[in-house]
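Any read-out appearing in this document is the output of simple, stated calculations on the displayed coordinates, not a laboratory observation. What you are looking at is a predicted structure, and each value in this text was computed from that prediction instead of being measured. As a convention, Cβ positions derive from the backbone with ideal geometry for all residues, glycine included, and neighbour counts pool all protein chains shown.
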Amino acid sequence: MAKSVKVYSTPTCSWCIRVKQFLKENNIEFQNLDVSGDHLAVDEMMAKTGQMGVPVLDIDGTIIIGFDKDKIKLALGI
Amino acid sequence: MHIYDLIIIGAGPAGITASVYAARKQLDFLVISLDVGGQAAWSGDIENYTGYQFITGQELVQKFEEHMRGYGTMLKENEEVLELTKDVQVIRLKTNKADYQARSVIIASGKKSKELGVVGEREFKNRGLTYCAICDGPLFAGKDVAVIGGGNSALDAALQLIKIAKHIYMVNNALSLSGDVIMRRKVEETANVTILNNSSVSAVLGDKFVKGIKIKHGLQEKELAVQGVFVEIGLIPNSVFVRGVEKNQKNEIKINLRNETNLPGIFAAGDVTDVPEKQIIIAAGEGSKAVLSAAHYLLKNN
C-alpha cells in the first residue's frame with residue numbers, strides 16, 4: 001500500500017521545492033502543507049519536530065527534517 | 001583510486017558555471033557540494049543578471065541546475081569536503097562520505113552566514129532563530145521578531161518581514177543603518193519597524209522556542225520579547241577545509257587574474273575568493289575563467 005506522505009513547506013524555501021520535485025520524480029503522492037499561511041499546520045509541525053525549519057516530511061509517522069535524500073528513500077522504501 | 005582531471009567544490013553560480021565549461025571541455029570531472037545554488041538560492045528578487053530583467057533566486061538556480069544536469073554531470077550532493085591537501089602529483093580530498101583524488105581542483109565553496117556567538121544561539125537555531133529570512137520568514141506571520149544587523153542583508157530581511165510579521169525590531173550595533181539608501185528609507189518609513197542602533201545582542205532566550213533576546217545598549221541591558229530572531233550580520237568564506245593555500249585577513253582564498261591560488265593545480269572562484277565584489281554574475285564569470293585556466297594547466301602538465 002502507498003505510504004502516507006506529508007510535506008510541511010513554504011513557497012519560498014528552495015529545499016522545499018527540491019523535496020517536492022524529488023517526490024514527483026519518483027511518482028510519490030504527497031500532501032503539501034503550506035505553513036506560511038496555515039497556523040494550524042505550523043503548530044502541528046512544531047509539535048511533531050520541536051523546531052521550525054522547513055521542509056519537514058512525515059512519511060507514515062517517520063519525521064525527516066530537511067531534504068535528506070538517503071533518509072527519505074529509506075523511509076519510502078525506494 | 002581513480003584520479004579525476006578536475007574536482008569542483010561547490011554548486012553555486014561559480015561551481016555550476018565551472019561544471020558547464022568543464023563538460024564542454026570534455027574533462028573527466030566531478031562536482032561535490034553540500035547544496036545546489038548556494039547563496040543564490042536564498043536571494044529574493046534578482047534584477048541584475050543579464051538576460052533576466054526579473055527572476056527570483058530560486059528560479060535562476062533551477063535554470064543553473066538544469067543547465068548543469070543537461071550535460072549529465074556527476075554531482076555529489078549533500079557531501080561536504082572536510083580536507084583538501086596537495087601531494088607532489090595529486091590533490092587529495094576527504095569528504096564526510098568518501099575520499100577522492102584529482103589532478104586539479106576548483107574551490108567554489110562560497111560563503112555562509114556569520115554567527116552571533118552568543119548564549120542560546122546554537123540551542124535555538126531552527127527554534128525561532130534563523131539565518132534565512134526568505135526561507136523561514138513566512139513562519140512568523142503575525143509575530144514579533146528581531147532582525148540582527150544593519151547592512152543590506154539585514155535590510156532585505158526586514159523588508160521581507162514587513163509584510164508578514166507584526167512588529168520588527170532591528171538590532172544594529174553601529175550608530176546608524178548602513179546599506180543602500182533606497183532600502184534604508186523604506187525600512188525607516190515603515191510603521192511596524194523599530195530601529196535600535198548602537199545595540200548588540202548578548203543572549204537568545206526561550207524554553208522550547210525563542211521567547212526573547214537580551215540587548216546591550218551602552219551600559220544598559222534590557223530584554224525584548226520576540227518569537228523570531230533573524231541573524232543577518234554578514235558572511236564568512238567556507239575556506240576552513242583548505243590547507244596550505246594563502247588566504248587574506250577575511251579568510252578569503254587569494255587568487256590571481258587566472259584564478260590560480262599559490263598552489264599549482266588548485267584554483268578558486270566566486271565568493272570564497274578575494275575577488276572584489278560578490279555578485280551572482282561575477283561568481284559565474286569567475287567559475288568559467290577558473291575552468292579555462294585549469295584546462296590550460298592540465299594540458300601543460302599532462
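Quick notes
- Cα-Cα over 19 Å, subset of B:Lys86/B:Lys247; B:Lys111/B:Lys208; A:Lys20/B:Lys63; A:Lys73/B:Lys208; B:Lys166/B:Lys186; A:Lys24/A:Lys69: B:Lys111/B:Lys208; A:Lys73/B:Lys208
- Taking every residue in B:27-38 and counting other chain Cβ atoms within 10 Å of its Cβ, the average works out to 1.
- The angle between the Cα long axis of helix B:280-300 and the main principal axis of chain B comes to about 20°, on a 0 to 90 degree scale.
- Note on A:Asp43/B:Glu115: beta-carbon distance plugged into 1/(1 + (r/R0)^6) with R0 of 41 Å gives a FRET efficiency of 0.90.
- Extension reserve of the B:Ile236-B:Gln279 stretch, reckoned as 0.36 nm per residue once the Cα distance is removed: 14.0 nm
- Cβ neighbours within 10 Å from other chains - mean over B:148-155: 0
- Filtered GluC sites (Glu not before Pro), region B:105-151: DSSP coil and at most 15 other beta carbons within 10 Å: B:Glu115, B:Glu123
- Region B:102-116 and region B:79-101: distance between their alpha carbon centers, rounded to Å: 14 Å
- Averaged over the residues of peptide B:123-132, the number of Cβ atoms from other protein chains lying within 10 Å of each residue's Cβ is 3.
- Of the peptides B:33-46, B:76-89, the ranking by mean beta-carbon count within 10 Å, highest at the top, reads B:33-46, B:76-89.
- Spherically averaged projected area in nm², based on the convex hull that wraps the Cα atoms of region B:218-302: 9.0 nm²
- Zone of B:Met1's modelled label, taken as backbone nitrogen in region B:33-72 under 17 Å from a point 7 Å along Cα→Cβ: B:33
- Spin-label model, B:Lys216/B:Leu257: points 7 Å from Cα along the beta carbon direction are separated by 4.7 nm.
- Pairs of alpha carbons in chain B whose separation is greater than 28 Å (percent): 44 percent
- Label-to-label distance, B:Val90 versus B:Arg69, with points set 7 angstrom from Cα along the beta-carbon direction: 3.2 nm.
- For the pair chain A / region B:234-248, the C-alpha centres are spaced 34 Å from each other.
- Rg(Cα)/(2.2 N^0.38 Å) for the protein assembly as shown, N = residue count: 1.04
- Sites A:Ala2 and B:Lys97 - FRET efficiency at Förster radius 35 Å, r taken between beta-carbons, to 0.05: 0.70
- Diffusion coefficient, µm² s⁻¹, Stokes-Einstein with Kirkwood Rh over alpha-carbon pairs of region B:129-231 at 20 °C and 1.002 mPa s: 160 µm²/s
- Fewest neighbouring Cβ atoms within 10 Å first, the residues B:Ser113, B:Ser104 line up as B:Ser113, B:Ser104.
- Highest GNM mean-square fluctuation among B:Ile233, B:Ile55, B:Ile106, for chain B modelled with Cα contacts below 10 Å: B:Ile55.
- Pairs of Cα atoms in chain A fall into 5 Å distance bins, from 0 up to the last occupied one, in shares of 3, 17, 31, 27, 15, 6, 0 percent.
- Angle in degrees between helix B:152-162 and the longest Cα principal axis of chain B, rounded to the nearest 10: 50 degrees
- Restricting the GluC sites (Glu not before Pro) of region B:241-272 to loop positions (DSSP other than H, G, I, E, B) with no more than 14 neighbouring Cβ atoms within 10 Å leaves B:Glu246.
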